[in-house]
Amino acid sequence: MSAPFRFPKFFVTNPSPCPYLPGKVERKVFTELSGRHASELNEALGRIGFRRSQSVAYRPSCIDCAACVSVRVLAAEFESTATQRKILRRHADLEVSACKPWTSDEQYQLLRRYLAVRHPGGGMAEMDESDFADMVEQTPVRTYVIEYREPTVSGRPGKLVGACLSDQQGDGLSMIYSFFDVGPDARKGLGTYIILDHIIRASRAGLPYVYLGYWVEGSSRMAYKTGFRPLERLGRDGWRRMDELQRDLPLEEPLALPTRRDRKRLLINA
């Protein structure tokens, strides 16, 4: 006789300043992913807008704001723009490897440089090596670190220029967090290339979606996500294409996570 299914317990974080919209306050609802059914629970929650951070699944639960919207790319139907095709050609020489979720000093140093330029003073800016290891290695689901390196020279691996912590789910790839070289001599468009690479790989594997996390209306930091089409967003009536929603709206109406330490878990920005 199998053990009875236990409905997960959900908790709510204390309100804190929103990292995306000035003057707003954010709150999250979360639950623990543990036990033999952790993967199934994570995928079920992912389909209703939850994201994974270590062994926690969370989603926004703000009292007076609903700007954070889950979005996913339809991988098989994806149509690249001229600019995106140019980026694919530019970085075609990079060597891509799907690695087990174990951290390295090379990854950590790349993350530190990325955060210093792109998110100075942000919720993840004070992450130490132990925090980074927890973020990557504490996973109850099928997770990889996708590494992007310069071409091999004389048999030695090339320089690490990008990485993405990604979950492989039954219906697609979920991009948890990506970081890449942003120095003055860095390749241009690496962040876009990493997303494009995930879309291509999902399509080739027969996985229908690439989950990009939350798009935040009114946040310039999240605007790039709408550049990957066709894109679906999650609303009260389920997942719908962005272009369908735009057609449904009246012409005058526009289309409408700091780090939290809790038992050594980090709720990372999506």
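Data overview
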item	result
Restricting the stretch 180-236 to residues that are small (Gly, Ala, Ser) and closer than 17 Å to ALA66 by Cα, the residue that is surrounded by the most Cβ atoms within 10 Å (Cβ to Cβ)	GLY213
Hits in the stretch 36-71 (condition: hydrophobic (A, V, I, L, M, F, W, C) and in a loop (DSSP other than H, G, I, E, B))	ILE48, PHE50, CYS62, ILE63, CYS65, ALA66, ALA67
Residues satisfying the stated conditions in the stretch 16-65, i.e. modelled with pLDDT of 95 or more and at positive phi	GLY49, GLN54
Single residue of ASP243, ASP248, ASP171, ASP185 found to be farther than 24 Å from PRO19 by Cα, modelled with pLDDT under 95 and touching a Pro at 6+ places or on another chain (Cβ under 9 Å)	ASP243
Residue selected from the stretch 8-26 under the condition over 21 Å from HIS119 (Cα atoms) and assigned to a loop (DSSP other than H, G, I, E, B), by the criterion most open to solvent (accessible area, probe 1.4 Å)	LYS9
Residues (surrounded by fewer than 22 Cβ atoms within 10 Å (Cβ to Cβ), over 14 Å from the mean Cα position of the chain (by Cα) and within 21 Å of CYS164 (Cα to Cα)) located in the stretch 48-70	SER55
Test for LEU207: is it of a type in the set (A, V, I, L, M) and either modelled with pLDDT under 60 or assigned to a strand (DSSP E or B) (or both)	no
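The values are calculated or read from the model by the stated rules, or taken from the named source; none is laboratory data. As the structure is a prediction and not an experimental result, all values here were calculated from the model. Here Cβ is always computed from backbone atoms with ideal geometry, including for glycine, and neighbour counts include all displayed protein chains. Side chains included, ligands, DNA and RNA excluded: accessible areas come from the protein's heavy atoms. Shrake-Rupley method; radii C 1.70, N 1.55, O 1.52, S 1.80 Å.
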